[in-house]
Amino acid sequence: MVGCLGPILSGLTKDDNKDDFVRRIQHEAESVGGYDVYQSLKLSSILRYINSYRAIKCATALVHGETGLKPDINVVDPHVGFTLLHLVSNDPVLIEFYLRHGARTDIRCEGRLPLDSAIQRIRYVFRGAWSTRQSVYMTIVLMCGFHDMSKHLDCVRLLFRATKEVEKEIYGYVKDEIVSLMPSQIALVSTTEEVLDELNNKLETMMSMLRMIEVFERVGDKIELYRQYLFKIL
């Protein structure tokens, strides 16, 4: 019975059908000999379905214990090696939900905080379209025209606000970059200028990201209204 749960869970979480979701989980748990056994077998899969379909009602029932399971939303998923907050770092609705329910922003997975994961995602999305030397004006223009810009910046903003000692994290980022470049600098003394250029580019990227957050904090609502207007008339 447990092995066949995937399609059922997919349908229930896709519809965000909380009542049927709770009943199904309770039934399945009882059929395999108890909640502890079932949780060890299926909790990771349940959370993946919830996150995939952004099933907030089902997620609420789960974290409030209505299913009988006792999920720890800060545990590192053994199958993927990340916490829930890392895994949903591209979804502002889920980030806000898990933060409200006690998700920690200070857990590192593979050396990265959830904030780092969100920044990496936004760099990937905007590769080729965003220069670290752009003016504030051009940054705003980019925000207005790029699809899903507000969603990705919301993710960074939510995690930026919730992460304590962000300045220390930035310092750590700079320090790590310097240390990581030292072996290549020693091995290739003649390319010192190239190494420094690489470091400067990475630092400029981080500072530009902070500038984008600041712009979005100040005029984000107006940008979003303008974007909605643009996509209606295009």
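Restricted to segment 11-98, the set of helices (runs of 4 or more DSSP H) holding at least 2 residues that are farther than 24 Å from Ser150 by Cβ comprises 18-31, 35-53, 56-63.
Among the residues of segment 81-104, those identified as in contact with a Lys or Arg (Cβ under 8 Å, 6 or more places away or on another chain) and surrounded by 22 or more Cβ atoms within 10 Å (Cβ to Cβ) are Thr83, Leu85, His86, Ser89, Leu94. Note on segment 41-72: residues that are modelled with pLDDT of 95 or more, surrounded by fewer than 18 Cβ atoms within 10 Å (Cβ to Cβ) and of a type in the set (A, V, I, L, M, F, W, C) total 1. The criterion of being modelled with pLDDT of 90 or more, surrounded by 14 or more Cβ atoms within 10 Å (Cβ to Cβ) and either within 23 Å of Thr163 (Cα to Cα) or not small (Gly, Ala, Ser) (or both) does not hold for Ile122. Of all the numbered requirements in (1) touching an Asp or Glu at 6+ places or on another chain (Cβ under 7 Å); (2) at pLDDT below 70, Lys168 misses one, and that requirement is (1).
Pairs meeting the criteria (first residue in segment 108-126 and closer than 13 Å to Asn90 by Cβ, second residue open to solvent by 60 Å² or more (accessible area, probe 1.4 Å) and at pLDDT 85 or above, beta carbons under 6 Å, at least 6 apart or on different chains) are lacking.
The values are calculated or read from the model by the stated rules, or taken from the named source; none is laboratory data. Computed from a predicted structure; not experimentally measured. Don't worry about glycine lacking a Cβ; one is built from the backbone with ideal geometry, like all the others, and counts go over all protein chains shown. The protein model used for the area step is the full one, side chains on, heavy atoms only, and it has no ligands, DNA or RNA in it. Shrake-Rupley method; radii C 1.70, N 1.55, O 1.52, S 1.80 Å.
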